[in-house]
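Worksheet for the structure shown next.
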Amino acid sequence: MNLTARSGKRVMTWALTVSLSLTAFLGSQPASAASSKTLTSRVYTALKDSVKYYYQDDQDYSFKTFDWELIGLVNAGEDLTGAKWQDKNELTAFDYWATAIKEEKEPGQLAKLAIALMKNGYDPTNFNGINLLEKIADSQESDGHMGDDQWTIFNHVLSIVALEMYDYDYDREEAAEFLLEHYDDYSKDYYTDDEAFTLHALSFLGDLDGVEEEQTEIIDYLKEKQESDGSFADSPDSTIEAITALVGAGENVLAEPWSKSVEYVLDKQLDDGSFPSAWSDGKTSEMTTEKGLIALSVAKKGTALFDRLTTKEKKELDVYLPQGDHAEGVTIYDGLSNLLKGNEATASKNTYTIKNKQLFVRADVADLAAQDKDVAVLVKVMKGKTLVDTGIVEATSSDVTNLTTGFTLTKGTYTVEVNFWEGLDDKPTVLKDPIIFSVTVK
């Protein structure tokens with residue numbers, strides 16, 4: 001064969017090779033895209049089924065078990081203050097927790113609810129008069145630890161996340177140091193839950209020394225521990241924790257290698273939208289289901305479950321107001337004339353309407369004065385988060401049964417908070433929970 005013939009053969013061979021390569025490449029593209037689209041569609045459907053699992057069309061809700069759900073459902077796009085999620089008494093889960101949280105001291109549970117409040121548009125520093133973040137920060141120990149000893153890392157991480165989301169003051173360096181030193185203390189080398197959950201806190205602490213490196217190490221560790229079927233520790237629980245945390249760390253869980261983990265979780269979902277645990281014999285596990293709801297919501301959105309609030313977002317948080325027809329323990333009067341005549345204003349769902357621009361608040365202190373203590377009442381009037389006016393009155397005799405203070409207000413809607421103290425001469429002691437209600441001035 002002459003040189004020209006050999007050259008022609010090489011050109012034809014090269015052209016055929018390129019053609020086959022292009023065909024293979026272009027042929028693979030639609031399949032990959034279709035696969036990704038199918039997985040996205042499956043996640044969307046699974047999330048809807050998971051939300052339906054919690055919805056009760058007969059409004060027979062038991063809000064005692066709603067905590068993670070307050071985070072997962074709102075992340076799935078649900079309005080938990082709407083009628084759909086109210087019980088037969090038209091109360092929400094927040095109405096339940098406004099009372100139940102008063103007995104809670106564990107930082108992890110306080111943090112979980114504080115996070116839920118922020119994600120649902122409520123201010124965790126004034127939830128029915130309680131500052132949840134202050135309680136969490138005050139619990140921090142000298143070594144930086146927050147939380148109990150049984151679930152050290154989970155509750156410690158939750159505490160960090162809640163405080164960081166609001167940018168609340170605490171010893172973050174000590175908290176980070178404790179986390180980096182202890183996050184794998186309770187791991188069994190097989191389970192990856194603690195390592196994965198730690199990623200949630202590390203995403204807020206990246207400005208501190210050693211945090212970014214540790215975050216990378218944990219992600220690499222999770223890659224090593226991922227099973228061939230996509231699971232972690234052959235457990236829906238561990239796999240769900242990993243998916244949620246990886247999204248928070250900036251990973252795309254709908255792409256390889258994590259897409260296998262998402263598929264594993266989808267395959268485990270039961271017909272009613274719930275999830276089993278590795279130990280529930282194929283039946284619904286409430287704990288796995290509430291975390292599964294969260295994992296599906298972050299996989300669908302592709303954004304971190306926990307984010308730091310902007311200054312604007314913090315300002316827009318609402319103060320929680322208890323539901324009811326009357327703020328028990330106080331009497332409201334619309335103007336001086338009605339005060340003198342004893343004509344009380346009435347409330348609709350704990351909101352009073354004032355037409356005379358003069359608001360008088362009378363607080364019942366009979367039971368408190370009977371304890372032979374000097375009772376002081378502080379009344380704060382706020383418009384949004386802005387303090388408009390403050391009134392302080394004190395009873396120096398046990399014969400006093402009520403204390404009254406008044407305000408002149410312009411048109412608008414206000415939040416009124418009535419606080420009860422023991423005396424003003426020294427450091428005041430809180431005598432009872434604050435009473436909070438809303439006032440609309442016409």
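The values are calculated or read from the model by the stated rules, or taken from the named source; none is laboratory data. Bear in mind that the values here come from a model prediction, so they are computed numbers and not experimental data. Cβ coordinates were reconstructed from backbone atoms using ideal geometry, including for glycine residues, and neighbour counts include every protein chain displayed. SASA here: full protein model, heavy atoms, side chains in, ligands and nucleic acids out. Shrake-Rupley method; radii C 1.70, N 1.55, O 1.52, S 1.80 Å.
Net charge dipole, the chain: roughly 2920 debye, given to the nearest 20, about the Cα centre with Cβ charges of +1 for Lys and Arg and -1 for Asp and Glu.
With a Förster radius of 51 Å applied to the beta-carbon distance between Val430 and Lys223, the computed FRET efficiency rounds to 0.50.
3J(HN,Hα) along region 298-314: 6, 5, 5, 7, x, 10, 4, 5, 10, 9, 6, 6, 6, 4, 5, 5, 5 Hz, from the Karplus curve 6.51 cos²θ - 1.76 cosθ + 1.60 with θ = phi - 60°, whole Hz, x for Gly and Pro. Would you mind counting up the charge near Trp97? Only other residues with Cβ under 12 Å from its Cβ, with Lys and Arg at +1 and Asp and Glu at -1. Net of charged neighbours comes to -2.
The simple Förster model, with R0 at 22 Å and r as the Cβ-Cβ distance, assigns Asp234 and Asp184 a FRET efficiency of 0.65.
Computed FRET efficiency, Cβ-Cβ of Thr99 and Thr390, R0 35 Å: what is it to the nearest 0.05? Intermediate values should be presented prior to the final figure.
Working: r = 26 Å, r/R0 = 0.75.
Using R0 = 35 Å, I get an efficiency of 0.85.
In the calculated pair-distance distribution of the chain, the portion above 29 angstrom amounts to 58 percent of the Cα-Cα pairs.
Hey, can you find the accessible area per residue of region 320-442 for me, probe 1.4 Å, expressed in square angstrom?
Numbers: 6360 Å² over 123 residues.
With all protein chains present, region 320-442 gives 52 Å² per residue.
With all protein chains in place and a 1.4 Å probe, the accessible surface of the chain carries 47 percent carbon and sulfur.
Applied to region 402-409, the Karplus parametrisation 6.51 cos²θ - 1.76 cosθ + 1.60 on θ = phi - 60° returns per-residue 3J(HN,Hα) values of 8, 10, 10, 9, x, 9, 9, 10 Hz, with x for Gly and Pro.
Mind ranking 118-125, 247-254, 193-200 by how tightly packed they are, going by the mean number of other C-beta atoms within 10 angstrom, highest first? Don't skip to the answer; put the middle values down first.
Values: 118-125: 21.0, 247-254: 18.9, 193-200: 23.4.
For the peptides 118-125, 247-254, 193-200, the packing ranking is 193-200, 118-125, 247-254.
Rounded to the nearest Hz, the phi-derived 3J(HN,Hα) couplings of region 91-103 under the Karplus curve 6.51 cos²θ - 1.76 cosθ + 1.60 (θ = phi - 60°) are 9, 9, 4, 5, 5, 5, 5, 4, 8, 4, 5, 5, 9, where x marks glycine and proline.
Ignoring ligands, DNA and RNA, what accessible area per residue does region 85-126 give at 1.4 Å, in Å²?
Values: 1540 Å² over 42 residues.
About 37 Å² of surface per residue is accessible.
Between region 331-403 and region 248-307, what is the C-alpha centre distance in whole Å? With region 331-403 and region 248-307 each reduced to a Cα centre, they are spaced 50 Å. When you count the other C-beta atoms within 10 angstrom of each residue and take the mean per peptide, 74-81, 389-396, 259-266 line up highest first as 259-266, 74-81, 389-396. For the peptides 85-91, 290-296, 59-65, residues were scored by their other Cβ atoms within 10 Å and the scores averaged per peptide; the highest-first order is 290-296, 85-91, 59-65. If you take all other residues with their beta carbon under 13 Å from the beta carbon of Asp334, and give Lys and Arg +1 and Asp and Glu -1, the sum is +4.
Other residues within the sphere of radius under 11 Å centred on the Cβ of Ala111, judged by their own Cβ, net out at -2 (K and R +1, D and E -1).
Overall, region 172-306 carries a charge dipole of about 760 debye about its Cα centre when +1 sits on the Cβ of Lys and Arg and -1 on the Cβ of Asp and Glu, all other atoms neutral.
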